[in-house]
Structure formats: structure tokens, C-alpha cells
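Engineer: Input: one structure, supplied below.
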Amino acid sequence: MKSLLLAALIFACGSISPPPAAADENTHREELETLLELFDMEDKSGESIDQMVTLHMQQDPRLGPYTGVLRKFYEKHMSWDSLKDDFIAIYMEEFSEEEIRELIAFYKTPVGRKAIKKMPLLRVKCARIGEEQLLKNLAEWHRMLQEETERLKKLQQ
């Protein structure tokens, strides 16, 4: 009897508080679209495609005759239109609607606009530092691998 009463109570509580309204999700999505527009994602996506095609051509000049096909492939799968919904889903998982509004307010300020413009350069510089640090210590990495290989061989004996 107690189990039945508990089940009825749980069901009733679930019935009283409906899931969040679709309107909330829609406004959250609209706020995110506004934020991502501030990031100039559509333009950056096009620039990224240009960079990827150029990089491929530099890495393998034999692809020259296929430049158009490569560009078409990237435009289909890496364009802003093809990635937008996934980006929005990621941001919706990580930021509440209120947080998105706060980000929008920040990125509309002069400092926020500067941050948007400088972010790609900062990413490149930070990646370069990481790469230099790894290259500088590559010998240590090789030594560590060798030591671990020797240790594992001893364990197998």
C-alpha cells in the first residue's frame, strides 16, 4: 500500500511540474545565435575553409586539379550552416540563457569587440608556445618512452 501511495505521489509531482517550455529553449537558442553572430562565425568559417584548402594544396601540390572538389567538400561539411546547430547545442549545454545574455553584453563593449578580434591571434600564439615547449623537451619525452619500454620488457620476462 505504501509503495502504491509513493508511486502515486511521485506521478502527481511529475505531473504538476511540466518540463521547461519550448519557448525557453527557443529564446536560449536565439540568444546564442546573437552571441555567435557577434563572433562573426559565418565569416570565420569561410576563412577557415580557405585556410584548410590552401594548407592541403601546400602539403600536397598534386591535389591542385582537385581544389574545386576539396573546397566543395569543405563548404558542405565545414561551413557555418553545417556546424551552427552543433555549436549552439554545445553552448546551450555550457551556458544558461542569462549567462549568454551577459556574454552578449560584454562582447558588445569595445573591450569585448577587441577580444573577439584578438582571439584568433592569441590562439595561434598560445599554440606556438605549447609547440615550442614540446619541441624543446622532445629528448626528455623520448627518454621517458625508452625507460617505460625497458620497464615493460622486464615485467614480461
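Engineer: Given the condition within 19 Å of residue 120 (Cα to Cα), surrounded by 13 or more Cβ atoms within 10 Å (Cβ to Cβ) and modelled with pLDDT of 90 or more, answer yes or no: does some residue in region 11-31 qualify?
Structural biologist: Among the residues of region 11-31, not one is within 19 Å of residue 120 (Cα to Cα), surrounded by 13 or more Cβ atoms within 10 Å (Cβ to Cβ) and modelled with pLDDT of 90 or more, which makes the answer no.
Engineer: Follow-up. Got a sec? Which of 84, 108, 72 is farther than 30 Å from residue 26 by Cα and modelled with pLDDT of 90 or more?
Structural biologist: Only one candidate qualifies: 72.
Engineer: A follow-up question, please. Taking helices (runs of 4 or more DSSP H) that do not extend beyond region 51-157, which have at least 1 residues that are under 30 Å from residue 38 (Cβ atoms) and either touching a residue at least 24 places away in the same chain (Cβ under 8 Å) or not basic (Lys, Arg) (or both)?
Structural biologist: 67-77, 80-94, 97-107, 110-136
Engineer: Output the residues belonging to region 87-110 that are touching an Asp or Glu at 6+ places or on another chain (Cβ under 7 Å) and more than 18 Å from residue 40 (Cα to Cα).
Structural biologist: Across region 87-110, the qualifying residue is only 97.
The values are calculated or read from the model by the stated rules, or taken from the named source; none is laboratory data. Quick caveat, the model's predicted, so the values are computed rather than measured. Neighbour counts run over all protein chains shown; Cβ positions are idealised from the backbone, glycine included.
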